[in-house]
Amino acid sequence: MKVLVIGSGGREHSLVWKIAQSPLVSKIFCAPGNPGISELAECINITADQTNLLCKFAVKENIDLTVVGPEAPLVDGIVDIFSKYKLKVFGPDKKAAILEDSKVFSKRLLRKHGIPTADFKCFDNYQHAKQYVSSKVAPIVVKADGLSKGKGVFVCKTNDEALKAIDSIMKDKVFGNAGSQVVIEECLIGEEISLLAFTDGRNIVAMESSQDHKTIFDGDQGPNTGGMGAYSPVPIMTDKLYLQIEKEILVPTVHAMNREERPYKGVIYIGLMITSSGPMVLEFNVRFGDPEAQVILTRMKSDIVPIMLATITGELDKVDLDWYSQASVCVVMASGGYPGSYDNGKQITGLDSLKNQKDISVFHAGTKSADGKIITNGGRVLNIVACGEDIEAAQKKVYEAVSKISFDGAHYRRDIADKSITKPPVSTT
Ligand code: AMP
Ligand code: GLY
């Protein structure tokens, strides 16, 4: 089989890495890919938003399966176009991708179908949004409706912060049209879990749980990013909790999309807050999480390709999904300054020392080759992943590996997975 993977980040590198292990696959292309991906796939010079060129390429090369990494092409309808040409493509169509494209849509869907989520109100009028915030008691959460690269959510400790968030979304339009509407919602307290599942619209096969670390600094401080690290499995995800999420959230959401005549096929990513009154939906994504994919795929034992094909053909009930019991931890190394402005072009050293190391994977995100060197070329630069017999072992290995890599200004969190490790109380005697 020939497979085309679309995208250029750490998520796509881990997808290519996993797909490359399939005995069904003879050739992988990646558009546009990155230097790490180019060791496993032929990278082609077409970007993820050039849908027509991608489609032409897939027809010309007789691609048997296309896997779309990021949300933007899905929201733009890449699946609809590929399907017209009878190309097999993994991901939801445009109608279903609205689940991530519009927080107003997804919140209303949740309310209409009685699926637990934070109480909320939507606004398309700037003054009304501000009046509403002034009538509420902080903390309060303000969200831009549309896609904003993980940066459109403001968890505000004060009303003043919330008013400023509305200003930047609706008045200064920092996210463009994605900010024509806002969702203002109650702030939930609890632990977050990302639950991803394959669904063909009828059958649902959940993946192992993972937890992202969204903010830039240790201790969950500072602004939100695309994700600074992740681990899997999440100890608080007990069988009992999983069954509750399946019954109250996962199955009802897939059915709700059917009832709205937006049947959903692909990976559904549910961001959950586990509150004292039960699990509640924070957000939906219509693709693998980044960096959640990196920890989930390093734990997946089954060949992913038959699962993706079965998702497309509606035969998920015919495949099995097995996991390694080992834990996985991913640390994102970012450019200094991210998620604000940062410089590119810093030389990365130490990559060779981690090649072919047991239990260690280095997935490239914002990197570029120049004069035989690998240099930084983005906010999130590298994802270092380690597997171990438990989270603590994986965490120790991952930080050892991270210490071997350096580039000017490199920033990473020192506390990835700390939350999941019960440390003995410190003796005070
Ligand atoms: P989202 O893109 O909606 O997942 O939001 C990004 C992050 O903001 C989430 O992972 C949470 O950490 C936080 N967040 C979003 N909504 C809420 C909420 N209602 N209460 C508390 N935190 C939230
Ligand atoms: N890690 C969060 C996301 O992929 O949206």
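Every read-out reported here was derived from the displayed coordinates using simple, explicitly stated rules and does not represent laboratory data. Bear in mind the structure is a predicted one, so any value in this text is a computation, not a measurement. We place every Cβ from the backbone using ideal geometry, glycine too, and count neighbours over all the protein chains shown.
Brief remarks on what is shown
- Pairwise label distance in nanometres, Ser38 with Tyr324, each label 7 Å out on the Cα-Cβ vector: 2.8 nm
- Shape call, the chain: gyration tensor on alpha carbons, a/c limit 1.5: rounded
- The GNM of the chain, with springs linking C-alpha atoms under 10 angstrom apart, assigns the highest mean-square fluctuation among Asp359, Asp212, Asp200 to Asp359.
- Global form of the range 172-240, assessed from the alpha-carbon gyration tensor, a/c cut-off 1.5: oblate
- For the range 89-135, the square roots a ≥ b ≥ c of the C-alpha gyration tensor eigenvalues yield an a/c of 1.5 or more together with a/b not exceeding b/c, which makes the shape oblate.
- Over the range 124-217: Rg over Rh, Cα atoms, Kirkwood Rh: 1.07
- Figure legend: label point modelled 7 angstrom from the Cα of Glu389 along Cα→Cβ; residues of the range 307-344 with amide N under 13 Å from it are 326-327.
- 3J(HN,Hα) along the range 317-334: 5, 9, 10, 10, 10, 10, 10, 7, 6, 4, 9, 9, 10, 10, 10, 8, 9, 10 Hz, from the Karplus curve 6.51 cos²θ - 1.76 cosθ + 1.60 with θ = phi - 60°, whole Hz, x for Gly and Pro.
- The alpha-carbon of Lys121 sits under 16 angstrom from the alpha-carbons of these aspartates and glutamates, leaving out residues fewer than 8 places away in its chain: Asp145, Glu185, Glu186, Glu283.
- GNM top mover of Ser325, Ser277, Ser335 - the chain, alpha-carbon springs below 10 Å: Ser277
- Qualifying aspartates and glutamates (Cα of each under 15 Å from Cα of Lys346; at least 8 residues distant if same chain): Asp371, Asp408
- In terms of other Cβ atoms within 10 Å, Phe82, Phe57, Phe407 run from fewest to most in the order Phe57, Phe407, Phe82.
- Centre-to-centre separation between the Cα atoms of the range 188-267 and those of the range 336-355: 30 Å.
- Phi-derived couplings, Karplus 6.51 cos²θ - 1.76 cosθ + 1.60 at θ = phi - 60°, listed residue by residue for the range 64-74: 8, 8, 10, 10, 9, x, x, 6, 4, x, 5 Hz, with x used for Gly and Pro.
- Taking all Cα-Cα distances within the range 279-429, those exceeding 28 Å account for 33%.
- Volume in Å³ per residue [convex hull over Cα atoms, computed for the range 21-167]: 176 Å³
- By the count of other C-beta atoms within 10 Å, a proxy for reagent exposure, Tyr338, Tyr324, Tyr399, Tyr231 are ordered fewest to most as Tyr324, Tyr399, Tyr338, Tyr231.
- Unsatisfied cross-links (Cα-Cα over 32 Å) in the set Lys2/Lys112; Lys86/Lys171; Lys18/Lys265; Lys112/Lys136: Lys2/Lys112; Lys86/Lys171
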